[in-house]
């Protein structure tokens with residue numbers, strides 16, 4: 001019964017996303033968003049607990065309200081009113097969890113299991129982010145720039161004093177959305193390339209956190225099992241924060257290169273500054289966790305006991321230098 005329900009709702013979840021991004025009418029978009037919502041709520045409730053039920057209710061209320069605004073705004077958009085276009089775009093940013101409409105995302109993620117958090121921070125963002133890219137006409141770009149700056153600042157400072165990893169990854173998602181929004185301003189598919197790499201790195205990290213049941217920063221060194229598993233989690237966190245030469249630096253580098261060619265220096269400087277703040281508290285926590293004296297005394301450095309998936313993630317985290325060097329050589 002559990003497996004059949006899981007496969008059914010997973011299929012309709014993907015179907016709703018595809019319907020939303022491929023529809024040519026606002027009504028079709030709304031139908032897809034609602035199908036996606038009504039599929040994700042039961043998935044959140046599978047193996048339910050009090051915290052997951054509370055998170056599901058919060059998620060439903062926020063998403064239902066934003067879907068209503070999208071439907072009403074879409075029906076009135078025939079007048080091409082700027083205010084209604086901004087209203088629809090704001091509702092879509094609310095659906096994605098971008099600042100200043102981010103209030104629900106950390107609270108919802110805190111009550112979910114890692115598998116549901118992985119869906120919330122990756123698959124559930126495809127439809128709203130794609131629709132936001134459709135709404136970016138010239139009159140709303142100034143409003144959109146304020147959303148970019150707020151998302152970068154909130155994503156950096158929101159996770160500064162957090163120790164709960166689910167909340168930290170939620171604020172990290174908000175910060176990464178700021179970079180994706182800049183990619184949307186530049187046009188083309190660069191934002192989607194950024195999104196795919198973000199999903200790959202995030203899912204790899206959450207796989208490790210789910211395997212070792214790590215929910216707090218101070219549990220990384222306690223529950224990761226071996227030194228190499230601990231390093232793998234640390235490398236994944238560093239990659240997600242965009243530290244070179246890890247893979248997570250590559251999409252940010254692409255955005256910086258394209259943005260500087262389009263004279264978006266002000267926004268890029270703000271996002272680089274906020275990324276450094278994020279990197280600081282990641283490094284601060286990981287340096288405490290990776291005490292070299294503790295590792296060398298308690299663990300055999302040659303003891304490689306990793307699963308195939310963990311070897312893949314370790315290789316993925318180490319691939320950034322080679323890929324970045326290859327792209328750099330092509331650009332010369």
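The values are calculated or read from the model by the stated rules, or taken from the named source; none is laboratory data. Predicted, not measured: the structure shown is a model, and the values here were computed from it. Backbone-built Cβ (ideal geometry, glycine too); neighbour counts: all protein chains shown.
Listing for the model above:
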{"quantity": "Residue count, segment 105-135 (criterion: surrounded by fewer than 16 Cβ atoms within 10 Å (Cβ to Cβ) and either without any contact (Cβ under 8 Å) to a residue 40 or more places away in the chain or closer than 14 Å to residue 187 by Cα (or both))", "calculated": "1"}
{"quantity": "Filter result for residue 99 (touching a residue at least 24 places away in the same chain (Cβ under 8 Å) and part of a helix (DSSP H, G or I))", "calculated": "no"}
{"quantity": "Residue check, residue 301 assigned to a helix (DSSP H, G or I) and either within 25 Å of residue 200 (Cα to Cα) or modelled with pLDDT under 75 (or both)", "calculated": "no"}
{"quantity": "Any chance residue 201 is more than 16 Å from the chain's Cα centre (by Cα), crowded, with 18+ Cβ neighbours inside 10 Å and assigned to a helix (DSSP H, G or I)", "calculated": "no"}
{"quantity": "Output for segment 257-282, where each listed residue is in contact with a helix residue (DSSP H, G or I) (Cβ under 6 Å, 6 or more places away or on another chain), at pLDDT below 90 and within 14 Å of residue 194 (Cβ to Cβ)", "calculated": "258, 259"}
{"quantity": "Test: residue in segment 65-77 that is more than 21 Å from the chain's Cα centre (by Cα), modelled with pLDDT of 90 or more and assigned to a helix (DSSP H, G or I)", "calculated": "yes"}
{"quantity": "Matching residues in segment 37-52 - criterion: being part of a helix (DSSP H, G or I) and within 16 Å of residue 5 (Cβ to Cβ)", "calculated": "38, 39, 40, 41, 42, 43, 44, 45, 52"}
{"quantity": "Single match in 237, 209, 165 (criterion: crowded, with 21+ Cβ neighbours inside 10 Å, closer than 21 Å to residue 272 by Cβ and in contact (Cβ under 8 Å) with a residue 40 or more places away in the chain)", "calculated": "237"}
{"quantity": "Qualifying position, being closer than 15 Å to residue 106 by Cα and under 22 Å from the mean Cα position of the chain (by Cα), among 37, 57, 43, 33", "calculated": "57"}
{"quantity": "Matching residues, segment 144-162, being touching a residue at least 12 places away in the same chain (Cβ under 8 Å) and within 12 Å of residue 181 (Cα to Cα)", "calculated": "144, 145, 147, 148, 149, 150, 151, 152"}
